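Okay, structure first, notes after.
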Amino acid sequence: METGSTKTTPPPGSQDPAAEGGPKSAKRPGDRIFLGLSKGSGIVLLAIMAAIAVFLTWRAVIALGENEGNFLTTFEWSANSDPPVFGIAVLAFGTIVSSIIAMLLAVPVAVGIALFISHYAPRRLAGPLAYVIDLLAAVPSIVYGLWGALFLVPHLAGLYEWLDDYLGWTGIFEYGGGAPRSLFTVGILLAIMILPIVTNVSREVFKQAPKMHEEAALALGATRWEVIRMSVLPFGRSGVISAAMLGLGRALGETMAVATVLSPSFVIHASLLDPGGGTFAQNIAAAFKEAGDMGRNALIASGLVLFVITLVVNGAARLIIARRKEYSGANA
């Protein structure tokens, strides 16, 4: 005689309510409330994004209908004149160039810091250093702008002269004197601002590299750098690209720091060290207060271009992250 309870198996073709969640779990009030809140939050977010896009498009169409210049190629911003003439050629050039400079300066340094914290620094140093990097991300933009205007700009004259002495023959780094309030200075400031974003994301990706791969490489006699080159960097390549693109999204839309440092002008200079230039966000912040109805519509039209660029950049970052599902639970 057998003692104890016997477990009955469900008939073929039927589902186990306990294994599938069952109708009981689906009817719990807490589950229904949580499901409704989750769906509602997603719908509200999409509705807000759609409302912003519709508003920007509507006002942009009004402005473009009255614009006497070519919106994409005009080197002028006289939206309050009669007739209005405005274009985004200088703004697009300044936004893209300053962001590229920021990426070239920030990404290699950020990857190096992330590797040092995750694989080189002792625990007593890695924790405080990571905390300091996190604090940099919490500094307001206007504080970066004030620091850049009062400290960074006065101390860049020596660097500008050095670049002119050794690289001025290229024309890109030719310096004719004056205050270094140029796109190059803006790029340096933006590099400092996006450094925490790229560093933090890259650090988390490097920490999730499979430990078995690293230990296997060490067992075969690889040095620490060879382990990083063969195991960590290939695993984190997509994550670093995603981090860089998220930082790029921040650089593209930065406003107050750029407006504080840059000397605005609607001229495209061959040299990155010449004062002047402009970005989308800086022009909106500088011109919105004195703009009339038509001027505001023109600024909104330029904001629509920046809105689309930012969405494309961040969407591409999300697609790259989605391709690497092994980020989640890689060390489990």
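Structure above, values below:
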quantity	calculated
Lone qualifier among Leu189, Leu163, Leu156 - being out of contact with any helix residue (DSSP H, G or I) (no Cβ under 8 Å at 6 or more places or on another chain), of a type outside the set (D, E, K, R) and surrounded by 19 or more Cβ atoms within 10 Å (Cβ to Cβ)	Leu163
Condition broken by Phe266, with the remaining ones in (1) in contact with a Phe, Trp or Tyr (Cβ under 6 Å, 6 or more places away or on another chain); (2) of a type outside the set (Gly, Ala, Ser); (3) at pLDDT 90 or above satisfied	(3)
Of all residues making up the stretch 298-329, the number that are modelled with pLDDT of 85 or more and hydrophobic (A, V, I, L, M, F, W, C)	12
Qualifying residue in the stretch 237-246 (condition: over 23 Å from Ile188 (Cα atoms), in a loop (DSSP other than H, G, I, E, B), at pLDDT below 85 and under 23 Å from the mean Cα position of the chain (by Cα))	no
From Gly94, Gly87, residue being surrounded by 13 or more Cβ atoms within 10 Å (Cβ to Cβ), within 24 Å of Thr310 (Cβ to Cβ) and touching a residue at least 40 places away in the same chain (Cβ under 8 Å)	Gly94
Scope the stretch 80-122; condition of a type outside the set (Phe, Trp, Tyr) and not in a helix (DSSP H, G or I); matching residues	Asn80, Ser81, Asp82, Pro83, Pro84, Val85, Gly87, Ile88, Ala121, Pro122
Hey, Ser238 of a type outside the set (Asp, Glu) and closer than 24 Å to Ala322 by Cβ or not	yes
Count - residues of the stretch 170-220 that are without any contact (Cβ under 8 Å) to a residue 40 or more places away in the chain and in a helix (DSSP H, G or I)	10
Yes/no for Thr255 being at pLDDT 85 or above, among the hydroxyl-bearing types (Ser, Thr, Tyr), closer than 30 Å to Ser78 by Cα and surrounded by fewer than 21 Cβ atoms within 10 Å (Cβ to Cβ)	yes
Every residue from the stretch 124-151 that is surrounded by fewer than 17 Cβ atoms within 10 Å (Cβ to Cβ), assigned to a helix (DSSP H, G or I) and among the aliphatic types (A, V, I, L, M)	Leu125, Ala126, Leu129, Val132, Leu135, Leu136, Ala137, Ala138, Ile142, Val143, Leu146, Leu150
Enumeration of residues in the stretch 40-84 that are touching a residue at least 24 places away in the same chain (Cβ under 8 Å) and aliphatic (A, V, I, L, M)	Ile52, Ala53, Leu56, Ala60, Ile62, Ala63, Leu64, Ala79
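The values are calculated or read from the model by the stated rules, or taken from the named source; none is laboratory data. For clarity, every value in this text was computed on a predicted model and none was experimentally measured. When we count neighbours, we look across all protein chains shown, and the Cβ atoms used for this are built from the backbone with ideal geometry, even at glycine.
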